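This report concerns only the one structure given below.
The values are calculated or read from the model by the stated rules, or taken from the named source; none is laboratory data. All of these numbers come straight from a predicted model, not from anything done at the bench. Here the Cβ positions follow ideal geometry from the backbone for every residue, glycine too, while neighbour counts run over all protein chains shown. Heads up: the accessible areas ignore ligands, DNA and RNA and are worked out on the full protein's heavy atoms, side chains in. Shrake-Rupley method; radii C 1.70, N 1.55, O 1.52, S 1.80 Å.
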Amino acid sequence: MKNMVLRMFKKQKDFDLKRLKKAVPGDFFYYDTTSSTNVEAKNKSNIKDKSVFLAREQLSGRGRLGRSWNSNAGDGIFMSIVLVPDIPASTISTLTLLSGLAVSRVLEGSRVKWPNDVLFNDKKVSGILTEMVMIDNNPDRIIVGIGVNVGNKSFPCELLDKATSLYLETGKIYDKTDIIIKILNEFFSMYDIFLKDGVSALRGELKEKCVTLGKTVVVERSGEKIVARAVDITDNGELLIEKDGEKIALASGEVSVRGLLGYN
Ligand code: BTN
């Protein structure tokens with residue numbers, strides 16, 4: 001009994017589940033502990049559009065390119081938004097970009113590293129992993145996994161110069177429920193704009209917030225590394241890079257920015 005009371009107190013302290021449920025247009029799933037909210041969202045079928053999966057702790061939090069995502073209980077926000085859109089699979093990278101912009105709007109002073117990182121003082125505070133679930137070779141749903149480092153007081157050695165948290169940046173303790181609700185509101189309103197008008201309506205803000213623009217970047221394309229300059233973001237949200245006078249529009253991909261996140 002005593003344990004149960006403590007458990008409930010802990011849960012309530014971490015998240016206000018009632019408020020969160022109200023803020024989610026679709027279904028809301030909460031886990032004290034799970035492997036990964038992206039995996040939960042992949043495994044559950046017949047999910048309503050705009051559903052949200054949230055966990056207090058992930059045992060196998062997944063990052064991009066097979067990396068893991070630091071997901072200790074109480075430290076961060078680990079959530080996945082499920083979208084059941086009638087839009088082409090190619091839009092996946094655009095949704096990543098919009099999620100980054102939504103997070104960046106909420107974390108005042110942060111910037112977006114195209115296409116999927118949100119940075120504070122050139123260190124990563126949030127990352128996005130967007131995945132597509134296919135059924136019978138047709139896109140069924142898109143899962144936008146968002147991780148935000150909120151209360152982390154430290155990071156493993158290998159991440160020290162690359163990762164940061166809201167606590168480390170400001171010294172303040174944040175209410176994770178407030179942050180999640182703000183992110184969801186920003187994301188869903190942006191998503192509606194995107195479905196109606198495409199990315200172009202958000203292009204100005206994307207350009208302003210994008211830390212990649214004007215920088216030298218290294219892009220991996222079909223096993224080849226291209227060193228180029230990031231010059232613009234197109235009306236479709238692609239990153240326009242320029243090399244030897246030639247302009248190339250990137251829809252997605254791994255882009256390292258010189259001087260950022262350990263790349264020199
Ligand atoms: C990255 O920057 O590499 C992407 C990190 C994405 C982490 C989030 S946390 C919620 C969701 N569940 C996961 O397992 N990963 C994403």
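Please give every one of the lysines within straight-line cross-link reach of LYS243, meaning a C-alpha to C-alpha distance under 25 Å, and leave out same-chain neighbours fewer than 8 residues apart.
Answer for LYS243, where 25 Å is the Cα cut-off: LYS113, LYS207, LYS209, LYS215, LYS225, listed by chain and number.
Would you be so kind as to identify which of VAL144, GLY214, PHE15 lies farthest towards the positive end of the dipole of the chain, taking Lys and Arg as +1 and Asp and Glu as -1 on Cβ and the Cα centre as origin?
So the residue furthest toward the plus end is PHE15.
If you filter region 184-264 for chymotrypsin sites (Phe, Trp or Tyr not before Pro), then keep DSSP loop positions with at most 14 other Cβ within 10 Å, what is left?
The qualifying sites are TYR263.
If I fit a long axis through the Cα atoms of helix 92-106 and take the longest principal axis of the Cα atoms of the chain, what angle between them do I get, 0 to 90°, rounded to 10?
Tilt of helix 92-106: around 60 degrees.
Please work out the average accessible area per residue across the chain, using the 1.4 Å probe convention, and give it in Å².
Normalised by residue count, the accessible surface of the chain is 50 Å².
Evaluate the Kirkwood expression for the hydrodynamic radius of region 158-264, namely the inverse of the mean inverse distance over all pairs of different C-alpha atoms, and round to one decimal in Å.
After inverting the mean inverse Cα-Cα distance, the result is 16.3 Å.
In the chain, what % of DSSP beta bridges are antiparallel (nearest 5)? Walk me through the intermediate numbers first.
On the way: 49 of 57 bridges.
Percentage antiparallel, nearest 5: 85.
How large a share of the accessible area of the chain, in percent, is made up of carbon and sulfur atoms when the probe is 1.4 Å and the other protein chains stay in place?
In the chain, the share of accessible area belonging to carbon and sulfur is 48 percent.
Please report, in debye to the nearest 20, how large the charge dipole of region 142-264 is about its Cα centre when each Lys and Arg carries +1 at its beta carbon and each Asp and Glu carries -1 there.
Using Cβ point charges on Lys, Arg, Asp and Glu, region 142-264 gives about 280 debye.
Could you give the dipole magnitude of the chain about its Cα centre, charging the beta-carbon of Lys and Arg +1 and that of Asp and Glu -1, in debye to the nearest 20?
Details: 39 positive and 34 negative charges, 199 e Å.
The dipole magnitude comes to about 960 debye.
I'd like the projected area of the chain, averaged over all directions, using the convex hull of its alpha carbons. Report it in nm² with one decimal.
On the way: hull surface 60.1 nm².
Taking a quarter of the hull surface, the average projection is 15.0 nm².
Which one of SER165, PRO85, SER189 is farthest out on the positive end of the charge dipole of the chain, using unit charges on Cβ (Lys, Arg +1; Asp, Glu -1) and the Cα centre as origin?
Of SER165, PRO85, SER189, it is SER165.
Where in region 139-225 are there trypsin sites (Lys or Arg not before Pro) that are in a DSSP coil and have at most 12 other Cβ atoms within 10 angstrom of their Cβ?
Hits after loop and neighbour filter: LYS153, LYS172.
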